[in-house]
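So the structure is just underneath, and the comments pick up after that.
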Amino acid sequence: MKQILTFLALFSAMSLSLAEEAVDDGLDYGDYASVTLQVKSWDALGEGKYEDAVKYTEKCTELYEEEARKMQASLSAKPSSDVVNEYWALNDVGTCYFIRGEALTKLRKYSEAVAAFKVVKDELYYAQAWDPKGWYWSPSDAAYPKIAVLEAKTKSDF
Amino acid sequence: MYRITVFSCMALLLSSCAAGVPGGPGTAPGSRVEVVRQSDGTFTLLRNDESYWVKGAGSGGGQGLGGGSLQLLAASGGNSIRTWGIEQLEQLVDGKPLLDRAHELGISVTAGFWVQHVRHGFDYSDTASIDEQRARLRDAVLKYRDHPALLAWGLGNEMEAFKPNVESEVIWRELNHLAGIVKDLDPHHPVMTVIAGADSSKIAGILTHYPNLDILGVNAYSNAPTVGRNLVGLGWNGPYMLTEFGVGGAWEVASTPWNAPIEPDPSTKAAETYTVYKIDRDDNVGRSLGSYVFFWGHKQETTATWYGMFLPSGEKLPRVDAMAYAWSGVWPDNRAPKLESLATPVAFRSVKPGTRSYAEADCVDREGDELRYTWDIRAESSDRGTGGDPEAAPPSYPESIKQGQGSPRIEFVVPNRPGAYRVFVTAYDGQGGAVVHNLPFFVAD
């Protein structure tokens with residue numbers, strides 16, 4: 001019983017803390033689930049709210065990156081579709097780094113965008129993202145040309 | 001050295017010309033093209049015994065080159081074009097049939113033969129339809145096999161797409177038969193078949209049922225840079241070409257809440273096109289035989305500007321310059337203008353009918369040419385095709401623009417009819433170059 005109360009107290013404190021932060025930056029983080037934050041960052045990207053998109057991704061990585069890295073470290077290959085959802089933190093955090101790169105690109109913060117893309121390409125490369133059209137895709141694979149494009153843009157006048 | 005497709009057979013070639021087979025007396029001898037497998041397992045495309053790296057563009061379709069310029073392709077360092085249907089070879093370019101004009105300019109042609117799609121109603125169990133398709137192919141090969149501009153036969157484009165695998169098996173078998181027809185009639189040009197992206201079931205089907213295939217063509221957009229690597233993982237160790245690439249597909253990018261794909265800005269599109277070409281070339285030496293950028297012309301697909309590298313009026317867009325830089329290593333003397341920014345307060349937002357707003361563009365011309373601007377407010381496309389099928393252009397609302405047409409800034413009133421729209425700006429340099437971009441907005445009561 002004591003353990004349950006301790007857990008509830010901790011959970012309550014954490015929620016309160018998170019709620020206070022939500023008020024601070026004016027964003028609605030919903031239930032703070034990694035998938036919620038990932039979806040909200042996609043939505044913000046589509047609405048042209050690039051700073052908000054970055055904030056949602058930062059919240060996601062702040063809360064779940066440690067777990068995501070543990071999942072990445074446990075893998076030796078990209079998970080198959082029947083178990084991919086077991087790696088929820090890896091998938092959401094990896095996707096958030098990709099979205100952050102996209103949003104920072106729109107904000108013309110190219111060096112920061114490259115840094116975000118490189119995290120998913122070089123460190124969270126087993127992450128997979130679900131496309132509502134019906135398939136998984138690899139944020140790592142998608143980040144690879146994004147980095148090259150940004151580096152090309154900084155070297156040549158496109 | 002293992003000759004995969006064709007054999008050097010000059011005697012046969014000369015005897016064919018002398019006999020007056022298509023190509024006719026007085027024409028230059030036909031080309032001899034082969035894919036050669038080296039002892040280390042890599043591949044080289046040989047054209048008339050010389051190594052040939054394809055610096056190509058998909059072109060043709062619609063009228064002529066669809067607004068593209070064959071001469072500019074050659075001047076930009078390109079050396080090949082790819083067509084989709086055999087009838088395109090008869091289209092007049094600069095007053096001459098496409099193949100003849102291409103040959104004059106030193107451009108080779110992968111001649112596309114349109115293999116019918118199930119999704120368009122073709123029935124692969126209908127013997128009469130199958131026979132008719134085979135007969136058309138025979139006619140085409142006999143007619144064009146000796147043309148010196150011919151590089152390869154492009155047997156089909158995305159005919160396997162959007163259909164279950166059980167039907168794909170039938171298609172692979174038929175393609176194998178069709179490729180056999182080509183090889184019987186024309187041993188001097190390899191057969192390439194183009195698929196819509198690669199996955200395990202497609203590659204398995206091709207490896208099992210399509211042994212006559214010489215070159216695998218892959219159309220890919222966002223994942224184009226990883227096609228070469230992925231093909232190896234899927235079991236395809238043969239030669240391939242990227243047969244459509246450029247910018248991320250409209251189905252692969254972020255969308256507005258009303259599902260309008262957000263078109264990348266022109267500089268990003270140019271850099272992306274350049275980068276994909278370079279990555280494919282540099283990461284897949286000995287396996288990639290070259291590539292065909294999409295699309296050397298004008299095409300309405302999602303928007304009027306997503307894939308096309310030219311305006312309908314013929315001006316080149318920045319992606320043409322990017323490919324010139326990729327192919328030749330130098331930028332053209334006179335480049336298309338550059339768009340630094342495009343902004344409007346209604347972008348990505350839902351606004352009331354009749355809302356007054358403005359839009360402004362910041363464009364520069366590197367050579368100092370004076371820029372002329374046109375603005376256009378159009379409905380979002382409601383005629384979204386599949387797999388590049390033709391789409392109708394959405395209606396334009398010129399009456400919405402109240403002030404500033406022709407200048408870098410306009411004032412406008414959003415249309416009264418609720419729905420999705422885009423505001424487009426085009427800047428022309430008066431030297432054959434232009435830049436175009438758009439931003440989406442939504443009108444709701």
Quick shape check on the stretch B:338-443: root eigenvalues a ≥ b ≥ c of the Cα gyration tensor, a/c under 1.5 is rounded, otherwise prolate if a/b tops b/c, else oblate, and it reads oblate
In whole Hz, the Karplus estimates of ³J(HN,Hα) for the stretch A:37-48 (6.51, -1.76, 1.60; θ = phi - 60°; x where Gly or Pro) are 5, 5, 5, 5, 5, 4, 4, 4, 4, x, 8, x
With only helices counted (DSSP H, runs n ≥ 4, each -39500 (n - 2.57)), the per-residue ellipticity at 222 nm for chain B, to the nearest 500, works out to -7500 deg cm²/dmol
The protein assembly as shown, Kirkwood Rh and Cα Rg, ratio Rg/Rh at 1.00
Report relative contact order for the stretch B:2-328 in percent, whole number only (criteria: Cα-Cα under 8 Å, sequence separation at least 6).
-> 20
Hits among aspartates and glutamates - C-alpha to C-alpha of B:Lys183 under 17 Å, sequence gap 8 or more where chains match | B:Glu34, B:Asp139, B:Asp146, B:Glu174, B:Asp214
Whole-number value, in Å³ per residue, for the convex hull of the alpha carbons of the stretch B:2-328 is 135
For every other residue with a beta carbon closer than 10 angstrom to the beta carbon of A:Ser138, add +1 if it is Lys or Arg and -1 if Asp or Glu, then tell me the sum.
-> +1
Residue order, fewest to most beta carbons within 10 Å, for B:Val36, A:Val120 | B:Val36, A:Val120
Roughly how many debye, to the nearest 20, is the charge dipole of the protein assembly as shown about its Cα centre, given +1 on each Lys and Arg Cβ, -1 on each Asp and Glu Cβ, and no other charges?
-> 740
Roughly speaking, what % of Cα-Cα pairs in the stretch B:46-195 are separated by over 28 Å, rounded to a whole number?
-> 21
Step through the residues of the stretch B:427-444 one at a time and calculate ³J(HN,Hα) from phi using the Karplus curve (6.51 cos²θ - 1.76 cosθ + 1.60, θ = phi - 60°), rounding each to whole Hz and writing x for Gly and Pro.
-> 10, 10, 9, x, 10, x, x, 7, 9, 9, 8, 8, 10, x, 8, 10, 10, 9
Rank the residues A:Cys60, A:Cys96 as a footprinting-exposure proxy: fewest other Cβ atoms within 10 Å of their Cβ go first.
-> A:Cys60, A:Cys96
Note, B:Lys96: beta-carbon cut-off 12 Å, +1 each Lys/Arg, -1 each Asp/Glu, net -3
With θ set to phi - 60° and the Karplus curve 6.51 cos²θ - 1.76 cosθ + 1.60, what are the ³J(HN,Hα) couplings of the stretch A:133-145 in order, to the nearest whole Hz, using x for Gly and Pro?
-> 6, x, 8, 8, 10, 9, x, 5, 4, 5, 6, 3, x
Net charge contributed by nearby residues that have their C-beta within less than 13 Å of B:Asp184 (K/R +1, D/E -1) | +3
Please list, or write none, the lysines whose alpha carbon is within less than 27 Å of the alpha carbon of B:Lys338, excluding same-chain residues fewer than 8 places away.
-> A:Lys49, A:Lys106, A:Lys109, A:Lys146, A:Lys153, A:Lys155, B:Lys55, B:Lys269, B:Lys278, B:Lys299, B:Lys316, B:Lys402
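Each reported figure results from applying straightforward, stated rules to the coordinates on display, with no laboratory input. For clarity, every value in this text was computed on a predicted model and none was experimentally measured. In this analysis, Cβ positions are derived from the backbone assuming ideal geometry, glycine residues included, and neighbour counts consider all displayed protein chains.
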